[in-house]
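Only one structure is covered here, and it is reproduced in the block below.
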Amino acid sequence: MHGQMMTLPLIVSSLLEHAERYHGDTEIVSRTVEGTLHRYTYADAHRRAKKAANALKKLGVQQGDRVGTLAWNGYRHFELYYAISGMGAITHTINPRLFPEQISWIANDAEDGVVFFDLSFASLVESIAAHCPSVKYWVAMTAPAHMPALSIPNLLCYEDLLAEESDDFAWPQLDENDAAALCYTSGTTGNPKGVLYSHRSTLLHALSSSLPDALALSGRDVISPVVPMFHVNAWGLPYSAPLVGAKLVFPGAALDGESVFELFENEGVTFSAGVPTVWLAVLQYMQKSGSALSSVKRMVVGGAACPPALMKAYEKDFGIKIQHAWGMTEMSPMGTVSTLKESHLKLSEEARFAIEVKQGRPPFGIDLKIVDDDGNALPRDGKTSGALLVRGHWVLNQYFRKDDSPLLDGWFPTGDVATLDQDGFMQITDRSKDVIKSGGEWISSIELENIAMGHPAVAEAAALGMAHPKWDERPLLVVVKKVDQGVSREDILAQYPGKVAKFCIPDDVVFVDEIPHTATGKISKVQLREQLREYRWPTANPAQA
């Protein structure tokens, strides 16, 4: 016997419809690339999203087509999130920080038919346009007065497109299992892989992440997603904010400490999310200027582990709570958030903090387990480490355009090694792959090693992610010279510009006589890190490193 309840599809357009109907006068504030501060409401955003949907139809975009974006966090990008997915196409956010060849590869793999871009990326678009044959139109997300002079065919102006369209558009009642958005992993080994989110998974993620024991969002919040909208959809905040009716504040490209501080103060931001590097910059600005954020109550940190000292400084000196969160592109991304349970409130301050520095516990909709090398479940004692597996309503089942599923008996292998305690708190203890994580960005050690090995004087090379006081990790290159060959640090580093993105270039080179190997002939990075345990970055303060 079936229940006798309405069945409405869980689709992305319903979020913005809800926001217009019940929070229509709530503001969305954006610092634009053009240097202005733009203000409008959810009602305005909904009208313009419908105009954008009509414009997409006129450009020939159909349901299931991929539409790319190369853009910062702003109101036009927000409109496109809903216009593209709402009409039944797929919002494909592309990370502009990647090397141009990676960006063009991703656009070609997705077969983007239209790509929208912020003015910041005009020169990037000009350099890759000829290498993206599937892209029929490039749309500059600006007004006619700011249109860039680019030598690319079919260049259009966003505001011109919207000016020609009506806001009369009925969002189709899509199947909730249809694809809504596409993000690519950072391609730490081989080419990046696409993760295709459904409307259903996106809605369930937004609902669960808003719960009190997750991000605890409400219509009384002023939310500023500092994490970029090209990083797993800004951790879902552009969906969660309209779901609860919160004011949105988009920071654009200005992510230095002073700019973030001033925007937060002027707009009364209460909640934000980003990588530790941003919060370190804001902290340093406050300490230097003697200022203090007056409205911010909580910050969520993801993308990299937050240094305990940073968490303590915010709470002790400024009364701001920093919460750990953890997830992956393959998880939409939320997997855990560090929120205490009632039983923890009775513990000492030191004992509570020991829990808070963990990556947190999963909300409803996500399940975690750790296993040994044979796939056997390990105890949740907070001490035993194992390979971390996940499953849930917004976890990947299969990569875009891949025939094989990565799942192991229905569980997704994260590639992380972690502990779980009896309350479900998870703590990452290691990585199963030697990927370098710097400022929330992934860097491939294999790619760095291959470039180094291209130098005629290099016999062997290993790239390591070494602890860094600002960026969590930075790449260190360890090199063995060929016999009777001379090569300098500068010679090695000169190999990288033009081959990898700037942030991927190693910060230093260490020369050694020999690199340790395992019994199977592979480089033993465990032993190598042990050998280099006393290493300190040339520009780092040893007391901080």
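FYI, it's all coordinate maths here, none of it is from the lab. Treat the numbers as computed from the prediction; the structure is a model and nothing was measured. Cβ placement follows ideal geometry from the backbone for every residue including glycine, while neighbour counts extend to all protein chains displayed.
Both radii are taken from the alpha-carbon atoms of segment 333-431; with Rh as the Kirkwood radius, Rg/Rh is 1.02. Diffusion coefficient of segment 13-253 by Stokes-Einstein, Kirkwood radius over Cα pairs, 4 °C, 1.567 mPa s: 73 µm²/s. Placing unit charges on the Cβ atoms only, positive for Lys and Arg and negative for Asp and Glu, gives segment 436-531 a dipole magnitude near 180 debye about its Cα centre.
Considered as an equivalent ellipsoid built on the Cα gyration tensor, segment 162-284 has semi-axes of 26, 21, 16 Å, the largest given first. Each Cα pair under 8 Å and six or more residues apart adds its separation to the average, and for segment 333-431 the resulting relative contact order is 28 percent.
In order along segment 462-471, the Karplus-derived 3J(HN,Hα) couplings, from 6.51 cos²θ - 1.76 cosθ + 1.60 at θ = phi - 60°, round to 9, 9, 10, x, 9, 4, 9, x, 10, 9 Hz, and Gly and Pro are given as x.
Simple point charges give the picture: +1 on the Cβ of Lys and Arg, -1 on the Cβ of Asp and Glu, and for the chain a dipole about the Cα centre of about 560 debye. Among the trypsin sites (Lys or Arg not before Pro) in segment 460-530, those located in a DSSP loop and surrounded by at most 15 other Cβ atoms within 10 Å of their own Cβ are Lys482, Lys499, Lys522. Diffusion coefficient (Stokes-Einstein, Kirkwood radius over C-alpha pairs, 25 °C, 0.890 mPa s) for segment 436-531: 180 µm²/s, rounded to a whole number.
Partner aspartates and glutamates whose Cα lies under 14 Å from the Cα of Lys525, excluding those fewer than 8 positions away in the same chain, are identified as Asp430, Asp434, Glu449, Glu460, Glu514. Ordering Ala354, Gly454, Ala418 by the projection of their Cα atoms onto the charge dipole of the chain, which places +1 on the Cβ of Lys and Arg and -1 on the Cβ of Asp and Glu, puts Ala354 at the extreme positive end. Computed across segment 75-131, the Kirkwood hydrodynamic radius from all distinct Cα-Cα pairs reaches 12.1 Å. In plain terms, the residue of Phe400, Phe230 with the fewest other Cβ atoms within 10 Å comes first and the most crowded comes last, giving Phe400, Phe230.
Look at Thr419, Thr202 and count the other Cβ atoms within 10 Å of each Cβ; fewest to most, that gives Thr419, Thr202.
Summarising the amide proton neighbourhood of Leu10: residues at separation of 5 or more, or on other chains, whose placed amide H is nearer than 5 Å comprise Glu176. Counting neighbouring beta carbons within 10 Å and listing from fewest to most, the residues Ile152, Ile523, Ile84, Ile223 come out as Ile152, Ile523, Ile223, Ile84. Only helices at least 30 Å long along their axis, Cα-based, and averaging 0.5 or more on Kyte-Doolittle count here, so list those DSSP H runs from the chain. Span-like helices in the chain: none at all.
Each DSSP beta bridge with both residues in the chain is either parallel or antiparallel, and the antiparallel ones are about 55%. The Rg/Rh ratio of the chain, with both radii computed over alpha carbons and Rh defined as the Kirkwood radius, is 0.96. May I ask which of Lys346/Lys369; Lys297/Lys383; Lys193/Lys383 have a Cα-Cα span longer than 29 Å here? The pairs that break the limit, which is 29 Å between Cα atoms, are Lys297/Lys383; Lys193/Lys383.
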